[in-house]
Amino acid sequence: MVANITRKVDAGESLSEADLTELLAPHQLISLMTLADRVRRRRHGTRTTFVRVQQVSGSGPLPPRASGAGELQIVGAPPTVDSALARIEETLAIAGEVPVSAFELSDLDRLAAGAGLSLRTLLERLREAGLELVADAAVDRLPKKEAAIEAVNMAGLILARASLTSGPGHPPIESLRQVADLQRSVGVLRTFRPLPRRIDPERPTTGYADIREVALARLLVDNVEMIQVDWTLYGPKLAQVALAAGADDVDQVPALEPPREGRAGAAEVRGNVEAAGFTPAERNGRFDER
Amino acid sequence: MAMDDLAEKVRAGGRLSGPEALQLYRHASLHLLGDLADGVRARKHPDRIVSYIIDRNVNYTNVCVARCSFCAFYRDVGASDGYVLGFEEIFRKIDETIAVGGVQLLLQGGHNPDLPLAWYEDLFRSVKQRYPEFKLHALSPPEVIHLSRLSKLPVPEVIDRLIAAGLDSIPGGGAEILVDRVRKLLHCYGKATADEWLDVMRHAHRAGLRTTATMMYGTVETDEERLEHLLRLRTLQDETGGFTAFITWSFQPSHTELGGSEATGVDYLRTLALARLVLDNFDHLQASWVTQGGKVGQLSLAFGADDMGSVMIEENVVRAAGAAYCMDEVEIVRNIEDAGFIPRRRNMHYDILGGPIFRERAVPRMHNLATARRDGDASVPSELLNYPARSRTGKEQRGQAEPDSGLRPSGPDPARN
Ligand code: SF4
């Protein structure tokens, strides 16, 4: 059965429900990883990109810019349009050449609705304030996904990442197919983070579930170039194993100088990527190699 | 040999030579290594049972004269935060362990010059008197050697005396890498050479004890030395059959003299899979979720492990080196079932004791591992006064000092050398 699935994957044929059910069985985890790795290597070879991100809160004093940052990301939901604009301007003032990304798209959608603006108008105002990148689109939180992502495009902004707040869930097939469908209609998603952004501390996701979801995302969301794993949220060990299951981009490597102990530092990420048999390449938030 | 031929040999149940195992370890993909190791696990455990034990990892003292460079746990003789647990404290820990369904203590500690063999014998006897069914999985080979040196008795006699006092089995700690070049670099050659470690296990097996075997990798060893460690264990297992299980973990560098960085998650899974392929005469391989975290710990089940180790209740050694993962029985069982296996409680001999205890009766959830003692608790157990100390500090503390010795300024302790 797995040999037949492998043949289909190699031929670029779509997988049937029966194929996917077979691959989702826990005892097929390594077969699933192997297939996702084949697809990933066909696209990217051994190249694995990573980006060092300095997160900036939506209010309060700004920290000094970390010299290693490849992206400054303003996080949190802005309470008002003016506060969003002000924060972008303040952050740009310290950013220098480093690309600035800000906010999550469904939060902006709600902000626009509350302010009586269209999402596109709000995004255009953020663009006029100097913003380049919308940091994230949690596609499962967007009521009108296509329209919202097209508004980003039409406002002249770039979407830095697309993600799922609650993860693909069980079974994960449906939500991953929706992401692939969304991309067929918008065509602008460069990266997709399949692992949930919200983790229940009482019942964290398991290693099997995480790896299965990364691998399935690589197989099903075949029209998005990069599958991301979050270094800070998921930790170096899981992030590294995810590279062998279809992920090719490591997001949210902390930009801290000097590297703090544990989960930090470009050297540690490079070492982990190489130890997993891949070739590291650092990029910035604009996807330019550094 | 070509990779396909090597894979075929493993699938057919053939024994890997050293060079063949090295070739697989170095050149096979993570997926192939995992697939082969999973195949071996499935052959040995076709029932899809993944076991675990409810026990408590108690470190009776952190005072140690061995001073291994990879250890963040030990304290020097006389250190203000050095401790020895009292018998009553240990009994309390056993009570707590039994309350959550636990069946044994994993009892290990530093090489404390002020704890003579009689202290261990009295402790074991009193535990067995109070808790006749409760098991003592205690004293790794270097501790046995330390007691042999301290008591000037040969190792087999020390083992016999400990068995007579109540020792049930010996944990495989202190093996690190069983290659003397590595042991010298890690300052653990003095506590036990590779041959001495293996000899303790040989004597223990001959005396009828079952033991585990371990490997701590990721310090200064080469791939060849990692493999040599496994091959030496395989040879002894061929000879005695006394090992129940093998456990490997990565060196935890924080707060250690050796320092450096920890080996990666992928390295752990590759090493675990290699062990499953080489140790064809070991029935069980444990996942080290304590060092790898729950997620990679669970993924171990796809890379050759068939046991989730211990619901530890307490852990001090790995925590001292910076890792602080905790999984109670509920969490261990959830991870086993999520991976498609059947969870079963076991004892040290891998006899199945039943299903999850929390499904039989209410057991409190445990979100943090306990520690040996509360911070700042510097109490000295009263029964220690009954045992002769060997270090000057110990003698002074117990009022056993020579009449003139109190006048000397404190300096390096002779027991360290
Ligand atoms: S590893 Fe054991 S023997 Fe070595 S210093 Fe630590 S406590 Fe002592």
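The values are calculated or read from the model by the stated rules, or taken from the named source; none is laboratory data. Because the structure is a prediction, the values reported are computed rather than measured. Quick reminder, even Gly has a Cβ in these numbers, built from the backbone with ideal geometry, and neighbours come from all protein chains shown. Please note that ligands, DNA and RNA were not included when accessible areas were found on the heavy atoms of the full protein model with its side chains. Shrake-Rupley method; radii C 1.70, N 1.55, O 1.52, S 1.80 Å.
General observations
- Among the numbered conditions (1) more than 16 Å from the ligand (Cβ to nearest atom); (2) out of contact with any Pro (no Cβ under 8 Å at 6 or more places or on another chain), the only one that B:E88 does not meet is (2).
- Counting the residues of segment A:102-121 that are of a type in the set (A, V, I, L, M, F, W, C), under 15 Å from A:A147 (Cα atoms) and within 25 Å of the chain's Cα centre (by Cα) gives 4.
Per-residue answers, yes or no, for (1) part of a strand (DSSP E or B); (2) in contact with a helix residue (DSSP H, G or I) (Cβ under 7 Å, 6 or more places away or on another chain); (3) free of Cβ contacts under 8 Å to residues at least 60 places away in the same chain:
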{"residue": "B:A263", "(1), (2), (3)": "no, no, yes"}
{"residue": "B:V290", "(1), (2), (3)": "no, yes, yes"}
{"residue": "B:G293", "(1), (2), (3)": "no, yes, yes"}
{"residue": "B:A305", "(1), (2), (3)": "no, yes, no"}
{"residue": "B:M308", "(1), (2), (3)": "yes, yes, no"}
{"residue": "B:C326", "(1), (2), (3)": "no, no, yes"}
{"residue": "B:N335", "(1), (2), (3)": "no, yes, yes"}
{"residue": "B:H349", "(1), (2), (3)": "no, no, no"}
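- Residue in segment A:112-157 that is most open to solvent (accessible area, probe 1.4 Å), counting only those that are in a loop (DSSP other than H, G, I, E, B) and in contact with a strand residue (DSSP E or B) (Cβ under 7 Å, 6 or more places away or on another chain): A:E132
- Only residues that are outside any helix (DSSP H, G or I) and either more than 28 Å from B:I145 (Cα to Cα) or small (G, A, S) (or both) were counted across segment B:95-113, and they come to 5.
- Elements of type helices (runs of 4 or more DSSP H) contained in segment B:146-232, each with 1 or more residues being closer than 30 Å to B:Y25 by Cβ and open to solvent by less than 10 Å² (accessible area, probe 1.4 Å): B:180-185, B:194-206
- Matching entry among B:A79, B:A66, B:A72 (being open to solvent by 10 Å² or more (accessible area, probe 1.4 Å), within 14 Å of chain A (Cβ to nearest Cβ), within 16 Å of the ligand (Cβ to nearest atom) and farther than 30 Å from B:K9 by Cα): B:A72
- Restricting attention to segment B:1-57, the residues that are open to solvent by 40 Å² or more (accessible area, probe 1.4 Å), more than 14 Å from chain A (Cβ to nearest Cβ) and among the polar types (S, T, N, Q) total 2.
- Looking at A:L238, A:L189, A:L243, A:L219, just one residue is modelled with pLDDT of 95 or more, touching a strand residue (DSSP E or B) at 6+ places or on another chain (Cβ under 7 Å) and over 16 Å from A:A138 (Cα atoms), and that residue is A:L243.
- Applying the set (1) within 13 Å of chain A (Cβ to nearest Cβ); (2) touching a Lys or Arg at 6+ places or on another chain (Cβ under 6 Å); (3) of a type in the set (A, V, I, L, M); (4) more than 21 Å from B:Y268 (Cβ to Cβ) to B:V296 leaves exactly one unmet item: (4).
Rundown of residues vs (1) closer than 30 Å to A:L243 by Cβ; (2) away from every other protein chain (no Cβ under 12 Å); (3) touching a residue at least 24 places away in the same chain (Cβ under 8 Å), yes/no style:
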| residue | (1), (2), (3) |
| --- | --- |
| B:H255 | yes, no, yes |
| B:G259 | yes, no, no |
| B:L274 | yes, yes, yes |
| B:L279 | yes, yes, yes |
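- Qualifying residue in segment B:236-248 (condition: open to solvent by 10 Å² or more (accessible area, probe 1.4 Å) and under 17 Å from the mean Cα position of the chain (by Cα)): yes
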